[in-house]
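The values are calculated or read from the model by the stated rules, or taken from the named source; none is laboratory data. The structure displayed is predicted, hence computed values, not measured ones. Heads up, the Cβs are rebuilt from the backbone with ideal geometry, glycines too, and the neighbour counts pull from every protein chain shown. With ligands, DNA and RNA removed, areas are computed over all heavy atoms of the protein, side chains included. Shrake-Rupley method; radii C 1.70, N 1.55, O 1.52, S 1.80 Å.
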Amino acid sequence: MHPEMLSPFPSFLFNHVTVLQSQAKKCVIELGTIPLTTIEKLSDDVKLQPLPHLSDKSHPRELLQVIGKDMRIIVFAFVPKTKQKNEVFDALRRYTKPANLWDLYAFSCDPSTIKNDSEPKWRLLREYFRLFRKSLPQLRGAEEVSLSNDWWRLTRVNSSYSLCSTYPSELIVPRSISDEDLFQASTFRSGKRLPVISWCDAGSGAVLARSSQPMVGLMMNFRNNADEKLVCALSSRTTGDKGSPRKLYIIDARPRANALANGAKGGGSESSSNYPRSEVLFLGIQNIHTMRDSLSRLRDYVDAHGSISSNGTPSAVSVVGDRRNRGSTWGGGNLNSMTSFSSTLGEWLNHIQNILVGASWIAAQIAEEAAAVLVHCSDGWDRTTQLVALSCLLLDPYYRTFSGFQALVEKDWLAFGHPFAERMGVPTVAENGGSQYELLRQPSLGNLSSSPSRNALGPSGPSSNASAQSQTSNNSSPILLQWLDCISQLLRLYPCAFQFSSKFLVDFMDCVLSCRFGNFLCNSEREREQSGVTNSCRCMWSYLADLRASGGSFHEHYNPFYDPVKHNGALLPPAAALAPTLWPQFYLRWTCPIESQGGDLESQWHAMNKKYAEALKAKDIAELRAKDIKMKMESVKQDLQREKRASNTALVTAQSAQRENAAIKKAIESIGCTIKFSTSGNHEDRTEVLSCSLRRGTDVRDQGDENGDFSVSISAIEDSLVSEAPGDHFCESLCPFRTREGCRWPDAPCAQLGSQFVGLKANYDAFDRLSIQDCYFGPE
């Protein structure tokens, strides 16, 4: 038990689940969150052994025990002398055992939101066509599709369920058998569940058929010609085949003694002398009551000795390491408890092994001999369904895929009338259209490890017959759980043969027990049609498919080791390999959560894959960020390149302007003018100045005065300022015609035609404004 459960805690009861919230951690406790229909028993008289860290005197509490069909046992603690416990107990008793079918949570959804791909009948018909290796044609209106070959045919004689109320509306039967023969043969079988074909091999003609026990009577001397004709037709060959009829095996799933005991009620088993080339075998599988009690003992022991226990005792690990016990105890008891555990576990595993061995033997005869096999038990809907469905799974690799698993369950479990309502303890539809239900209550258990007994909880509802029946019987049993357990054993033997994982089987079982969906309500196809389940409830197959789609190929329902090429035929395990082990993912998930997943390679792969998926997600995010940064860097690089090109262009322009400025300056100075760059101010100047002032814009920045004007002046020097010294004239330092007497302008050769200064471009408008002295020019 969790520590939070031993103190007052907030709990919430909804119309589907009860939720337990930890007061210390402020989170929902998964163990205490259980669907209401998954609750099997309630007990308000619970005695716990005192825990070392808690004293009953200092922590008084009132306890309520909840036992689930999914192997969990929860003990809720309430504040004493309050109405809380009674209110919760009454609410749980009322909602976990509703009186009417339509009070289940599955009917609470809005019908307009239901999206079912197809009717179960059409899916069954599609599976029949697959068995015949034919394609289902396009259907138009109420057109009936015919289906037959040299061996078998499809009949709709049960379309109104007049032949057998617990069989599907469409059946596969031998081609040589008429519908009239079927009616006559049905009277010889319990519940009119006559022999019909569940699986067939269109290549070899081998068949796997199912039925209920024959009504041979106490002396086993009653016979029925139509039944014998029908059973013999299962092993017949085609008209063109001149070989002898194939071998016929009649498999009775019960122990021989049980079969003989049923003779007192009119039942019994076949005699091989009445069916040519037949052999009758008994598999010794126990009835539903034995299976229910065996699971109950296993659940109590696993709960008492798990790491999380509801009986108040410490786990086995802590007790073994306690020196004060001097090693004399194990798991809260003496060493004999190990023997008790081995006996309890061995009993359950022995049941699983019997089913595995029986189904493997049936599959081997069909695959290796192309034989005809007829399987039945008493009613033909519990042990028969387990054996037939498991044999199909071994024979046909299609059934080991998700779509095939759905087709197999809908065919052999749903269409052929496994009584899910009775086995799960939920209401169903009575013959008169009302609700029929067995309302069950468990008595005070006292010690949690004691074997539970079952009595009636109270009035069951409007039907007095149902109420009377509920007082004396309990038909709940883990039949479907045993079948899934057998598949988990095959998954362990053949890890590459199944598309689905063990986690898928666990979730599948939880969905069935929760009654959230309408697929597994009622006891037969007929009852589901009467209650309108298909159009009123959600489909579990769609939910599971959406769940897988949300996780992609890495979802935990997928088997990572699946290899369809490696196992593309029948699986025929040898008997020596069929030694089952406890299915930890289901039986130990509440009491030993760490150990239940520790040694499973599949779980380890999914855990590693989850980390890998998270790493991939982080990698994608990092790549997106890197891509974004790269794009920004490219943008900045392009901006820098544009700036560089603009800078280079400005530099070239500036250099060109500088060269032009130098040439103009040199030219102007060569004709006796000066160029002066200055800012505005008071200048005492004795030259005639031709100036142009340019006021800077407000955006121009310079190291000088920002408020001043910048001016360019071109001045002609007065003659009186021109030095007579040779070195004072500007031209004298550059003129190649200079003599010792100085510049002879304008008589010098530089002023003559052909001089290097001839052709110099000048701004003549500026020259017009210059003061030109007459002495510059000589006489004509």
(message) My understanding is that a pair violates if its Cα-Cα distance is over 30 Å; which of K247/K503; K192/K247; K611/K637 do that in this structure?
(response) K247/K503; K611/K637
(request) Calculate the length of the line joining the C-alpha centroid of the range 151-183 to that of the range 254-309, in whole Å. (result) 29 Å
(request) Could you look at the range 533-621 and say what percent of its accessible area is carbon and sulfur, using a 1.4 Å probe and all protein chains? (result) 61 percent
(request) Can you pull the one-decimal nm distance between simple spin-label points at S244 and E369, each 7 Å off the Cα toward Cβ? (result) 1.2 nm
(request) Just the number, please: carbon plus sulfur as a percent of the accessible area of the range 143-185, 1.4 Å probe, no ligands or DNA/RNA counted. (result) 41 percent
(message) Quick check: pseudo-label points 7 Å beyond the Cα along Cα→Cβ at A622 and H567, how many nm apart are they?
(response) 3.8 nm
(message) Over the range 540-643, with the other protein chains present, what is the accessible area per residue in square angstrom, probe 1.4 angstrom?
(response) 66 Å²
(request) Specify whether the C-alpha gyration tensor of the range 143-183 places it in the rounded, prolate or oblate class, a ≥ b ≥ c being the square roots of the eigenvalues: rounded for a/c under 1.5, otherwise prolate if a/b is larger than b/c and oblate if not. (result) oblate
